[in-house]
1. Does segment 75-91 hold any residues that are open to solvent by 10 Å² or more (accessible area, probe 1.4 Å), of a type in the set (Gly, Ala, Ser) and within 12 Å of Arg117 (Cβ to Cβ), and which are they?
2. Right, Val39: open to solvent by 40 Å² or more (accessible area, probe 1.4 Å) and touching a His at 6+ places or on another chain (Cβ under 8 Å) or not?
3. How many residues are in a loop (DSSP other than H, G, I, E, B), in contact (Cβ under 8 Å) with a residue 60 or more places away in the chain and either touching a Lys or Arg at 6+ places or on another chain (Cβ under 8 Å) or among the polar types (S, T, N, Q) (or both) if we restrict to segment 106-140?
4. Can we say Ala72 is at pLDDT below 95, buried (at least 24 other Cβ atoms within 10 Å of the Cβ) and within 26 Å of Gln128 (Cα to Cα)?
5. Is it the case that some residue within segment 157-164 is closer than 30 Å to Gly73 by Cβ, modelled with pLDDT under 95 and open to solvent by 40 Å² or more (accessible area, probe 1.4 Å)?
6. Under 19 Å from Gly89 (Cα atoms), surrounded by fewer than 20 Cβ atoms within 10 Å (Cβ to Cβ) and among the hydrophobic types (A, V, I, L, M, F, W, C), is that true of Phe59?
7. Which ranges mark the strands (runs of 3 or more DSSP E) fully within segment 1-62 that have 3 or more residues being modelled with pLDDT under 95?
8. Going through segment 106-132 one residue at a time, which ones are farther than 19 Å from Ala156 by Cα and in contact with a helix residue (DSSP H, G or I) (Cβ under 6 Å, 6 or more places away or on another chain)?
Amino acid sequence: MIKQSVLAMALLSAICTQAEAVTLNADGAWHAFDVDNSVSNSGGLEWIDLDNNALSFDFTLTGSAVLRVVDAGFAGDRFKIFNTASVIGETSAAVNNYPTSVYSDFDLAYASSDYSRGEFLLGAGSYQISGLLIQSALDDTSTELNATVGAVSLTAVPLPAAAGLYAAGAGLLGLVSRRRKSTK
């Protein structure tokens, strides 16, 4: 297991220098990635773009945000998620249900316990998120597919101070409205 992790880290370090980067906004939109060792330019199981190059999602946060990762290819896939070369977590285990697939309906996949998914709370800072397929769905002959589609989304977490400001503003509007009624 440790040997596999070391190899994964070495592979990720080597391909991150040639990676395609997509900038994420904290708007909750899904951004797709592929995994396919038969077409990947490195021959690995890292996230790739449509040109078969390693793919990372880059962004800088000034506050907190939630990173969501989901598999929507074949139920049974699982990912390890990295920020640069540091592991931030893994998606949940999923039951192999080949050939069940929701293709690119990421919301449907995220809502289903058949597909692996993960949520990671991130703080302020700069991020370069990438991933690696660590468990593949099996075909009907119990052979690993090593190919899937997944997606990431980033959603800002409202600041507690902002909630206080909204409450104070609503209270102020209520007070002004009440005063107007009492002066009439």
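The values are calculated or read from the model by the stated rules, or taken from the named source; none is laboratory data. Quick caveat: nothing in here was measured; it's all calculated off a predicted structure. Because the Cβ atoms are built from the backbone with ideal geometry, glycine has one as well, and the counts that use them run over all protein chains shown. Heads up: the accessible areas ignore ligands, DNA and RNA and are worked out on the full protein's heavy atoms, side chains in. Shrake-Rupley method; radii C 1.70, N 1.55, O 1.52, S 1.80 Å.
1. Gly89
2. no
3. Total satisfying the criteria: 1.
4. yes
5. Among the residues of segment 157-164, at least one is closer than 30 Å to Gly73 by Cβ, modelled with pLDDT under 95 and open to solvent by 40 Å² or more (accessible area, probe 1.4 Å), which makes the answer yes.
6. yes
7. Qualifying strands (runs of 3 or more DSSP E): 20-23.
8. The answer is Tyr115, Leu132.
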